[in-house]
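Take a look at the structure below.
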Amino acid sequence: MKKEIQKIIAEALKMMQEEKILSAFDFKEIRVDLNSRLQFGHYSSNIAFVLSKRLNKSVDEIASIIIKNIEGLDEGQYFEKIEVKNGFLNFFLSSKILFKNFRKILKQKTNYGSRPINNKKVAVFDYSSPNIAKPFGIGHLRSTIVGYSLYTLYKFLGWHAVGDNHLGDWGTQFGKLIYQLKTKVLVDKTPKEQKQILSQITIQDLEKLYIDFHREAEQNPLLEEEGRKWFAALEQGDKEARRLWKFCVQVSMKEFDRIYGLLGVKFDYVLSESFYENKLKNVLKELQVKKLVTPSEGALIFDFSPLSLPPALVLKSDGATTYFLRDLTALKYRLDHFKPKLIVYEVGMDQKLYFEQLFEAAQRLGWLNGVKLVHVAHGLVRWPEGKFSTRKGLTIHLEEVLEEAQKKALTIIKASATGRGFSLKQQKLVAQKVGIGAIKYNFLSYHYASDIIFDWERILNLDGNSGPYLQYTLARCFSILDKGAKIKQDKRYSVNLSNDKFLIHPLELTLLSLFVKFEDILEEASEQFAPHLICNFAFQLAEEYNRFYQELPILKAATPEAQGFRLQLTMATNYLLQICFSLLGLEVLKKM
């Protein structure tokens, strides 16, 4: 709808040009925004402000000319009225438009707002990307679910979306782990004994070995050199180093896949750092040929002069590769293999400088050719005590949080009237969907750049902006539609939606007004890489629907026409919430 209004404003401005009131104008400057409060209309524009400065006329004078031109063009088709408030043009959509959109939702159902896949519009999404040999921390969740939500959104909007899990399975840390396994776990053991010991090692054991290494290295810095030696052996293809590295990867992936299954997160590719090992030399050679790397104390660096960016380490003095070289190589592969228009990295805010360096390096290498690179930099997840840390053993593992969420959700389900009618097995299944959904929604409902304080009360609140509240509202819609199934099939209760003069209650009008904004919300969420906008819409829709449900009878409405119309409003609400759930990764519950 925003684009339609922009076109109408553009036509009105062309009329001003024809009347010699306005000279050349870049129509891209026309800005139309969604209004959060209906008393100010459905949409607003600051175009009168923009032109008043240019034409040296008052905002009201400019606004009156624009409104007059629009009214001549529109003839009541799009707008009920257009008002000027504090210099803004406020557009109130006509009932004809609201009902037209309403009919579209009822026809397209959960496909409303979606577009056919355009294979020429490729977008690569790099999300999750945990480090091997470390349990999934609560901090990893943000990248995983925000990235997956963006991937799902872009696919819904017609992009050929590619989801890639760029696992951290290469680097000096694996030299440290191999050293620990060789000297602390497998020392003096026969091959048979080693096999037995390794079969019992968990990802938690690997993490402890890593933490212990750093604790010991604080007292004995020479240990760091041992770690570097083993990583050098790994890069050189040493069989024992490769054997133990593969073991670490297998143990980790088994655990990660289990977590992804619980979260309902999927990937098209899992191209880890090690995947690019045989491609590093070509990128390094290109950097050298293009004279983009400089020797420095035996190492190679990428100097970003004259920019103020600090140099990036490309190759260490001992010949070991770096994250930077591996990420450049991964970027090169993505550009060549997928031929994208957009690459999105969902990685923490603490990597902001690093991605500025990476993107600048790709630009100087001449690789981009118009491809857009975006770093969606998420904030921290905190307990009241502060940021999580791995090396000191203070990480809050995601597994612990998910288990606690399910326990708390089970308590809520057992206390509910519907839940008491479930078997214990059903209660646990619902609790899993509610608990995990609550965690996911809580993280998605914040702007990705903001820090999150982990708050159980907010996460599992059945009355506020939470996953359980939305799930409960959708379950309510299903229940009403189930009860109203006979009414829907009775022709006496059908509503002639082509009659846009149908008299409706203000609460019904509010729902129709929310419905019409949905497609623009999806566009804004994709443009801003901001799933929280979908959360905001879903919560507002749930609130308005519950207000409508509390104040107006649906199944016992006074007339058959009112009954049919309110069931259709419930149906449209159901469809839109289901779409939101799909984009946010929430489970749909028909009973709760």
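Where a number appears in this text, it was derived from the coordinates with a stated rule and is not lab data. This structure is a prediction, so every number in the text was calculated from the model and none was measured. Positions of Cβ are generated from backbone atoms using ideal geometry, with glycine treated the same way; all protein chains shown enter the neighbour counts.
With one equal scatterer per alpha carbon and no solvent term, the Debye-computed log10 I(q)/I(0) for the chain at 0.07, 0.09, 0.12 1/Å reads -0.56, -0.86, -1.25. A simple rule links phi to the HN-Hα coupling: the Karplus curve 6.51 cos²θ - 1.76 cosθ + 1.60 with θ = phi - 60°, which for the stretch 328-340 gives 4, 5, 5, 5, 4, 4, 4, 5, 6, 7, 9, 6, x Hz, with x for Gly and Pro.
Looking at the stretch 2-93, what % of the alpha carbon pairs are farther apart than 24 Å? Don't jump to the answer; show the numbers that get you there.
Details: 456 of 4186 pairs.
The answer is 11 percent, as a whole percent.
When THR190, THR473, THR411 are sorted by how many other C-beta atoms sit within 10 angstrom of their C-beta, beginning with the fewest, the order is THR190, THR411, THR473. Working value for the stretch 166-265: equivalent-ellipsoid semi-axes of 23, 17, 14 Å, each the square root of 5 times a Cα gyration tensor eigenvalue, largest first.
Among 130-136, 520-526, how do they line up from the highest to the lowest mean number of other beta-carbon atoms within 10 Å?
Working: 130-136: 22.9, 520-526: 19.9.
Top to bottom by mean Cβ count within 10 Å: 130-136, 520-526.
Using the Cα gyration tensor of the stretch 400-481, with a ≥ b ≥ c the square roots of its eigenvalues, what is the shape: rounded (a/c below 1.5), prolate (a/b larger than b/c) or oblate (neither)? Numbers along the way, then the final one.
On the way: a/c = 2.46, a/b = 1.47, b/c = 1.68.
Oblate is the answer for the stretch 400-481, as a/c is 1.5 or above yet b/c matches or exceeds a/b.
Could you work out how much longer the chain between GLN250 and LYS266 gets when fully extended? Use 0.36 nm per residue separation minus the Cα distance between them, nm to one decimal.
Between GLN250 and LYS266, full extension yields 3.9 nm more.
The slack in the chain from THR110 to LYS425, taken as 0.36 nm per residue of separation less the alpha-carbon distance, amounts to 110.4 nm.
The HN-Hα couplings worked out from phi for the stretch 222-236 by the Karplus form 6.51 cos²θ - 1.76 cosθ + 1.60 (θ = phi - 60°) are 5, 4, 4, 5, 4, x, 5, 4, 5, 5, 4, 5, 4, 5, 8 Hz, whole numbers, x standing for Gly and Pro. In this simple spin-label model, placing a label point 7 Å from the Cα along the Cα-to-Cβ direction at both LYS229 and GLU356 gives a separation of 4.0 nm. Under a 5 Å amide H cut-off, with hydrogens placed 1.01 Å from N, VAL314 pairs with LEU300, ILE301, PHE302 among residues at least 5 apart or on other chains. Listed by chain and number, the lysines whose alpha-carbon sits under 24 Å from that of LYS239, ignoring those within fewer than 8 places in the same chain, are LYS134, LYS176, LYS182, LYS184, LYS189, LYS192, LYS195, LYS229, LYS254, LYS279, LYS281, LYS316. With R₀ fixed at 56 Å, the C-beta to C-beta distance from HIS337 to SER199 puts the FRET efficiency at about 0.95. What is the spin-label model distance, in nm, from LYS120 to LYS57 if the labels are put 7 Å beyond Cα along the C-beta direction? Each label point lies 7 Å from its Cα, and together they span 4.1 nm. Starting from the 7 Å offset along Cα-to-Cβ, what nm value, one decimal, do you get for the label separation of GLU218 and VAL289? Output for this residue pair reads 4.8 nm. Fewest-first ordering of SER317, SER36, SER128 by other beta carbons within 10 Å of each residue's beta carbon gives SER36, SER317, SER128.
By the rule of a C-alpha distance below 22 Å, with chain neighbours fewer than 8 residues away ignored, the lysines paired with LYS425 are LYS407, LYS408, LYS414, LYS433, LYS590, LYS591. Under 5 Å from the amide H of HIS378 lie the amide H atoms of VAL347, GLY348, MET349, each residue being 5 or more positions distant or on a separate chain, with H modelled from the backbone and absent for Pro and chain starts.
Starting with the fewest neighbours, write out VAL376, VAL84 ranked by other beta-carbon atoms found within 10 Å of each beta-carbon. Can you show the working numbers first?
Values: VAL376 25, VAL84 16.
Ascending Cβ contact count within 10 Å gives the list VAL84, VAL376.
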